Amino acid sequence: MRASRFFISTLKEAPADAEIVSHKLMMRAGMIKRLGSGIYTYMPMGLKVIRKVEAIVREEMNNAAAIELLMPLVQPAELWQETGRWDKMGAELMRVKDRHGREFAIQPTSEEVITDVVRSEIKSYKQLPLNFYHIQTKFRDERRPRFGLMRGREFTMKDAYSFDRDLAGMQQSYQVMFDAYTRIFTRFGLKFRAVAADNGAIGGTGSHEFHVIASTGEDALVYCPTSDYAANMEAAEALASGTRPAPGAELVKASTPKAAKCEDVAKLLGTELSKTLKTLALTVEQEGKNGDVRKDYFMVLLRGDHELNEVKLGKVPGLGNYRFSTEAEILEVYGCVPGYLGPIGTKAPVTVVADRTVANMADFITGANEEDFHYTGANWGRDVAEPALVADLRNVVEGDPSPDGKGVLAIERGIEVGHVFQLGTAYSESMKATFLDENGKAAPLQMGCYGIGVTRILGAAIEQNFDDKGIIWPTSLAPFELVLCPMGYDRSELVKEETDKLYAAAQAAGIDVIVDDRGLRPGAMFADWELIGVPHRVVIGERGLKEGNLEYQGRRETEATAVPLADVVEFIKGKVQQ
């Protein structure tokens, strides 16, 4: 490719609405152009990167015996209604009607469609296992699209779906995909980590997320440096801190004026925040047979220095549909304003749910259900009944013991770019997707699903690889592997001749190369390619040619290296293959 025949449109400054590094650099490098909120045109330079991502994904999926098809972007509402996700997905599911008033979904994912395909095609266990995939546009109507391709509304995703006869087969297919994903992200040239995860709205029994490691990542990844344990913050298990000591203090009602937060209480009483209890008031409403609504009240207790994990909380028996209590409900149940609540002496019956660590605490500080007062020296069993429920409710923190017993936990930031799920029969049962086993008996198909955010990879790769000059693409993802920068291409016959020879030789060697024949000044030329992030650059100048050398510089390197003209193609091949 010659730069004069390609479309290159770089900017010195990023648009004002670009918020994070990857968004700014992709806009400046002319890779994407905003069309609307969360919707972007992929410009030629950006599309080349997307095609590199797709090629690696497609090759590894094919090697893993997955079969490519292409499912429609627009899907009938009836399929989504079969699984109940038409209502469950909420506002993120874009719904449209055709001219006849029939409802459709703009697909955010394709579990329903692929299950519909398979239930009409698969009749016997002899046709299993199967794994179908496609690379297709998706649309999710994000409440607040932001960060460019990182959280857009329209994006490209590779989603795959496996079908097996039994649980063991599904788990085997899952492992095949897990291994394929590991190869894919390794080939991308990115530092990544696979972590155990919560299934969320997809459903199923188990899953792993693949995260690109980046200090700017939205997600906290929990891992043990001395073992294989890894999970995202939502799924990471927090073990109880120690064992409960015997009571060592008397229960005292202490005046704590205007101290409605644990931090304020600890400061006022001159004690550690870890001695306090954080109280959350929850309400669960249940509709009776006669249409009447019953309210059940729950008190959730955390240690004052710990944070609630809402995903874990939602899995506590009876709390699947919880909401935070209103101030009026709190006054009715506790007889007190928020900030001074506690398990001792509530006005009305409350189910106490304690985090594991709280259940092991002694001589703790908790609200007295009276404004401006807290109890100190409170103990389970002696001063208040044992919690009705004890569960893992909190986010883990650095230094917590690893659940596998092989060390302590560390936390780093990551960007989710892939997710693999063991779905089981969550979709096949609701959509009656069955097969006949050896005995002629019908059984539901065991499913797995596997997604990679193709366009999201671009943003994640940049968040991990950039400097003050611009993007630093891994060679496997770069729009071009090599840029040739001739000095005076339009003025020097020698430079033009040798550049054209090198260009042809690089192409013949299979190197994805572009020659900058635009006649720019060296500073402007170099700045463009450093911004765009091409990983390998060769400068061709008259002085070097007369000495028999060209100048090579890697994108991460601060100094150029002289390479003999005769050796430069093999030299570049070696660099590209590293």
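Name the single residue that is modelled with the lowest pLDDT among those in segment 204-219 being buried (at least 20 other Cβ atoms within 10 Å of the Cβ) and either over 22 Å from residue 111 (Cα atoms) or not acidic (Asp, Glu) (or both).
Of everything passing the filter in segment 204-219, 207 is modelled with the lowest pLDDT.
Looking at 455, 475, which is the one that is in contact with a strand residue (DSSP E or B) (Cβ under 8 Å, 6 or more places away or on another chain), among the hydroxyl-bearing types (Ser, Thr, Tyr), touching a residue at least 60 places away in the same chain (Cβ under 8 Å) and more than 26 Å from residue 573 (Cβ to Cβ)? Walk me through how you get there before you give the answer.
Values: 475 fails: more than 26 Å from residue 573 (Cβ to Cβ).
After applying the criteria, what remains is 455.
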inquiry  = List pairs: first residue in segment 84-96 and under 23 Å from residue 429 (Cβ atoms), second residue at pLDDT below 90 anywhere in the structure, Cβ distance under 8 angstrom, at least six positions apart or on different chains.
reply    = 85/201; 88/201; 89/201
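Residue under question is residue 104, and the condition is that it be of a type in the set (Phe, Trp, Tyr) and in a strand (DSSP E or B); does it hold?
Values: of a type in the set (Phe, Trp, Tyr): yes; in a strand (DSSP E or B): yes.
Yes; evaluated as a whole, the condition is true for this residue.
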message = Of all residues being part of a loop (DSSP other than H, G, I, E, B) and either in contact (Cβ under 8 Å) with a residue 60 or more places away in the chain or not polar (S, T, N, Q) (or both) in segment 409-426, which is farthest from residue 354 (Cα to Cα)? Just the residue, please.
response = 426
key: Subset of segment 532-559 (residues that are over 30 Å from residue 43 (Cβ atoms) and within 37 Å of the chain's Cα centre (by Cα))   = 559
ask   = Within segment 129-137, is there a residue that is surrounded by fewer than 20 Cβ atoms within 10 Å (Cβ to Cβ), modelled with pLDDT of 95 or more, aliphatic (A, V, I, L, M) and closer than 23 Å to residue 453 by Cβ?
value = yes
note = The one condition residue 168 fails out of (1) over 28 Å from residue 474 (Cα atoms); (2) touching an Asp or Glu at 6+ places or on another chain (Cβ under 6 Å); (3) in a helix (DSSP H, G or I) is (2)
ask   = In segment 1-51, how many are on the phi > 0 side of the Ramachandran plot and at pLDDT 95 or above?
value = 1
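If you go through segment 468-515 one residue at a time, how many are in a strand (DSSP E or B) and either touching a His at 6+ places or on another chain (Cβ under 6 Å) or more than 20 Å from residue 187 (Cα to Cα) (or both)?
Keep residues of segment 468-515 that are in a strand (DSSP E or B), which gives 470-471, 482-486, 513-515.
Within this subset, residues satisfying the condition of being either touching a His at 6+ places or on another chain (Cβ under 6 Å) or more than 20 Å from residue 187 (Cα to Cα) (or both) are 470, 482-486, 514-515.
Total meeting the criteria: 8.
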query = Is segment 116-135 home to any residue that is touching a Ser or Thr at 6+ places or on another chain (Cβ under 9 Å) and in a helix (DSSP H, G or I)?
reply = yes
ask   = Does segment 308-321 hold any residues that are among the β-branched types (Val, Ile, Thr) and buried (at least 17 other Cβ atoms within 10 Å of the Cβ), and which are they?
value = 316
task = For residue 235, state whether it is within 30 Å of residue 362 (Cβ to Cβ), out of contact with any Pro (no Cβ under 9 Å at 6 or more places or on another chain), modelled with pLDDT under 95 and not polar (S, T, N, Q).
result = yes
ask   = Which strands (runs of 3 or more DSSP E) sit wholly inside segment 11-89 and have at least 3 residues that are assigned by TED's automatic domain parsing to the domain that holds residue 129?
value = 32-36, 39-42
query = Which one of these does residue 255 not meet: (1) modelled with pLDDT of 95 or more; (2) surrounded by 15 or more Cβ atoms within 10 Å (Cβ to Cβ)?
reply = (2)
task = Only one of these is surrounded by fewer than 19 Cβ atoms within 10 Å (Cβ to Cβ), modelled with pLDDT of 95 or more, more than 25 Å from residue 46 (Cβ to Cβ) and not assigned by TED's automatic domain parsing to the domain that holds residue 25: 562, 504, 527. Name it.
result = 504
request  = Output the number of residues of segment 421-448 satisfying the condition of being at pLDDT 95 or above and within 27 Å of residue 191 (Cα to Cα).
outcome  = 1
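So that you can scan it fast, the table gives a plain yes or no per residue for (1) assigned by TED's automatic domain parsing to the domain that holds residue 453; (2) over 16 Å from the mean Cα position of the chain (by Cα); (3) over 24 Å from residue 234 (Cα atoms):
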residue	(1), (2), (3)
149	yes, no, no
157	yes, no, no
163	yes, yes, yes
169	yes, yes, yes
172	yes, yes, yes
175	yes, yes, no
182	yes, no, no
196	yes, no, no
key: Residue list for segment 280-305, restricted to those being closer than 13 Å to residue 358 by Cα and in contact with a Ser or Thr (Cβ under 7 Å, 6 or more places away or on another chain)   = 299, 301, 303, 304, 305
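The values are calculated or read from the model by the stated rules, or taken from the named source; none is laboratory data. As the structure is a computational prediction, the values presented were derived from the model and not from experiment. In this analysis, Cβ positions are derived from the backbone assuming ideal geometry, glycine residues included, and neighbour counts consider all displayed protein chains.
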